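A short write-up of the structure that comes next.
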Amino acid sequence: MNLRSITLINLVGISYIFVSRTAVTIFPEMLAGHTAVFLHGTLSLLFTVAVLLFYYYFRRDYLREPEETLGKAANLMVTASAGVSFLYLLYLLDITGLFSPDPAPFQALFPWVYSLAAVYFFTVFYREGVGKSRSGLKSALRLAIAGAAISALVRTLLVVNYLFRGQFEWLWGYAGRYPLLFFPVQGLVFISFFYFFFAFYRLQGSSGSR
């Protein structure tokens, strides 16, 4: 496996997570059976691990030696992605009955940390990691920064709600109640990340991608 192949897997993964969450929000009966819930949880876990691997391979194979700040940002994304993967692992352990902790603190904190780390990573990449050979990424990175910032803002509100009210609800739970507000927001965030991975995948396939 190399950076380009893991980038392609991420394109498939973020598409699956967005489409499946949208579908389940509109048609919750899709996950009525235990097998469907387990399969969805397993695929989601594998695709979040793929996100982690992307930033690991990015740090190992893509960066030039002087790009220390971008390397640290990539390391931060590895850690933040591990937190999101841990959430799906807890989800699988819960539905299989092996372990049933209270996931609310992790559900509130880990996606929030990931969104903040994403803002930092994409900003550093745009400011310090885009030279002439990577100029094709500029528009994708600008969109990714905007999408990550929107995600960070929304998840900050969820964290504040949890801290002050002691209750947590997944972002997609709000999408089900306020679809005209949350579906466009989630759609924009998805498009921004998808476009970044798509642009990065194309750049990896061209000559002089580094």
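The values are calculated or read from the model by the stated rules, or taken from the named source; none is laboratory data. Note that the structure is predicted; figures quoted are calculated from it, not measured. Cβ atoms come from the backbone with ideal geometry, glycine included; neighbour counts cover every protein chain shown.
Test residue 8 against the stated conditions and say whether it is under 26 Å from residue 120 (Cα atoms), of a type outside the set (Phe, Trp, Tyr) and either surrounded by 15 or more Cβ atoms within 10 Å (Cβ to Cβ) or in contact (Cβ under 8 Å) with a residue 24 or more places away in the chain (or both). Considered against the rule, which asks whether it is under 26 Å from residue 120 (Cα atoms), of a type outside the set (Phe, Trp, Tyr) and either surrounded by 15 or more Cβ atoms within 10 Å (Cβ to Cβ) or in contact (Cβ under 8 Å) with a residue 24 or more places away in the chain (or both), residue 8 comes out as yes.
Sub-8 Å Cβ pairs linking a first residue in segment 21-39 that is on the phi < 0 side of the Ramachandran plot and assigned to a loop (DSSP other than H, G, I, E, B) to a second residue that is modelled with pLDDT under 80 and not β-branched (Val, Ile, Thr), at least 6 apart or interchain, number zero. The requirement of being of a type outside the set (A, V, I, L, M, F, W, C) and under 19 Å from residue 110 (Cβ atoms) is satisfied by residue 48. Tell me, which residue of segment 113-125 that is surrounded by 22 or more Cβ atoms within 10 Å (Cβ to Cβ) and hydrophobic (A, V, I, L, M, F, W, C) is farthest from the chain's Cα centre (by Cα)? My answer is 125. The criterion of being under 21 Å from residue 109 (Cα atoms), modelled with pLDDT under 95 and either outside any helix (DSSP H, G or I) or within 12 Å of the chain's Cα centre (by Cα) (or both) does not hold for residue 86.
Where helices (runs of 4 or more DSSP H) fall wholly inside segment 94-182, the ranges with 3 or more residues that are at pLDDT 85 or above are 104-128, 138-165.
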